[in-house]
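Input: a single structure, listed below in structure tokens.
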Amino acid sequence: MKGMPGAGWRVIGFVSVGIWTYLALFRRGFWRLRERLTAADSVPRSSVAAVIPARDEEGLIGRTVRSLRAQVFDGRFQIVVADDESTDGTAAEARSEGAEVVATGPRPPEWKGKLWAVSEGIRPTEGASDYLLLTDADIQYGSPDVLQALIAQAETGFDLVSVMVRLRCESVAEKLLIPAFVFFFFKLYPPGTPAAAGGCMLIRREMLERIGGIASIRTVLIDDCALAQKVAAAGGKVWLGVSDLPVRSVREYGQARDIRAMISRSAFAQLRHSLLLLAGTVLAMSVTYLAPVGLLFSGDAVAAGLGAVAWAVSAALFLPSVREYRAPLWTIACLPGIAAFYLFATIESAVLYWSGRGGTWKGRVQDAG
């Protein structure tokens, strides 16, 4: 690669190595995935209401409800499915598995669709439980001890307990791209940061009422982290981690374009729809992930060595996420290319927002500029 003096390449190399040194040593060990939900022997007697927003989820909702009904729990446990204007047999399937089904009413214009459904699902449970389990229609609780473990974690002093559920990782695209989703998420929200993962969140009802209920985040697309920040701002404590117990999403992302669509739905919203933040993200990810590969072809031995070091450190930090998902070991070396894919999806997210098609989910546009 020509056109830049060796000193310029070396500066980029030192910056890239510096970034990875910071991430390895000073980002609270996010890459280790040490915050983990584990089984609990017993919990104080309490009551829980699970609320599941569902829109055209006939093929998944039955498994989700069954897995919740299988939970071993000494207390009152109510399961409510909020049918969000489904056009298929979602409601009938949920009822057949024993869930209470609530049809959502007309959605006020300022509400996001999922949040309105959650709010409508909470309504029939008011005053009936100590905790609310807010979970998605594609989440399967593979162990009967998960609910008890969530409550046990909350009883250690947390007002919101959230698990980054294990995403499906079976197709070639999933094995290559899904572990990075977890890696990037925890890099953005390291341990101790008020954040949550929306697939599985247990919140104290008293805390939800204190922050103004779901209505307090009704306009937000990335609702899980917004909820966590509201809880923290109200003086509550938030826990987020992965789970040793099987809590997984069964939604398929069989091809790369499916994963790209998942990212592009909300990436620009994460950047607060800011062109400046988008430009900063492009620059930062280029220097962090792409530059180490480019430096190998810089023609400068020092710069190439720095690039090799940065790439090796990135692979080492990515390894726990790859192992967590039992993806092929060789994918740790693919992080630069994976990052380029995520960066492209982020730019696409901005384009979709500006064109009035942002946040599209099952025919509903939720994030249009």
Selection from the stretch 328-342 of residues that are farther than 15 Å from D258 by Cα and either within 19 Å of the chain's Cα centre (by Cα) or aliphatic (A, V, I, L, M) (or both)
L329, I332, A333, L335, A339, A340
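From the list R257, R364, which one is modelled with pLDDT of 95 or more and of a type in the set (K, R)?
Details: R364 fails: modelled with pLDDT of 95 or more.
Going through R257, R364 in turn, just one is modelled with pLDDT of 95 or more and of a type in the set (K, R): R257.
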M207 passes all but one of (1) of a type outside the set (V, I, T); (2) touching a residue at least 40 places away in the same chain (Cβ under 8 Å); (3) under 27 Å from E170 (Cβ atoms); (4) outside any strand (DSSP E or B); which number fails?
(3)
Which members of the stretch 66-122 meet the condition of being assigned to a helix (DSSP H, G or I) and farther than 26 Å from S266 by Cα?
R66, S67, L68, R69, A91, A92, E93, A94, R95, S96
Taking F77 as meeting all but one of (1) buried (at least 17 other Cβ atoms within 10 Å of the Cβ); (2) over 29 Å from S42 (Cβ atoms); (3) not polar (S, T, N, Q), write down the number of the exception.
(2)
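Conditions (1) closer than 13 Å to F181 by Cα; (2) buried (at least 16 other Cβ atoms within 10 Å of the Cβ); (3) among the small types (G, A, S), marked per residue:
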| position | (1), (2), (3) |
| --- | --- |
| S298 | no, yes, yes |
| L317 | no, yes, no |
| V322 | yes, yes, no |
| A333 | no, no, yes |
| L343 | yes, yes, no |
| E348 | no, yes, no |
| Y353 | no, yes, no |
For the subset of the stretch 117-141 comprising residues that are within 19 Å of the chain's Cα centre (by Cα) and over 20 Å from A228 (Cβ atoms), which member is surrounded by the fewest Cβ atoms within 10 Å (Cβ to Cβ)?
Q140
Could you grab me the full set of residues in the stretch 235-281 that are more than 21 Å from C200 (Cβ to Cβ) and outside any helix (DSSP H, G or I)?
G235, G254, Q255, L271, R272, H273, S274
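Conditions tested, residue by residue: (1) under 26 Å from A99 (Cα atoms); (2) at pLDDT below 95; (3) exposed (fewer than 15 other Cβ atoms within 10 Å of the Cβ); (4) outside the structural domain of Y189 (by TED's automatic domain parsing).
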position: S16; (1), (2), (3), (4): no, no, no, yes
position: W20; (1), (2), (3), (4): no, no, no, yes
position: T38; (1), (2), (3), (4): no, no, yes, no
position: D41; (1), (2), (3), (4): no, yes, yes, no
position: A50; (1), (2), (3), (4): yes, no, no, no
position: P53; (1), (2), (3), (4): yes, no, no, no
position: E58; (1), (2), (3), (4): yes, no, no, no
position: S67; (1), (2), (3), (4): yes, no, no, no
position: V72; (1), (2), (3), (4): yes, yes, yes, no
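The values are calculated or read from the model by the stated rules, or taken from the named source; none is laboratory data. Since we're looking at a predicted model, the values are computed, not measured. Counting neighbours? That spans all protein chains shown, and the Cβs are built from the backbone with ideal geometry, glycine included.
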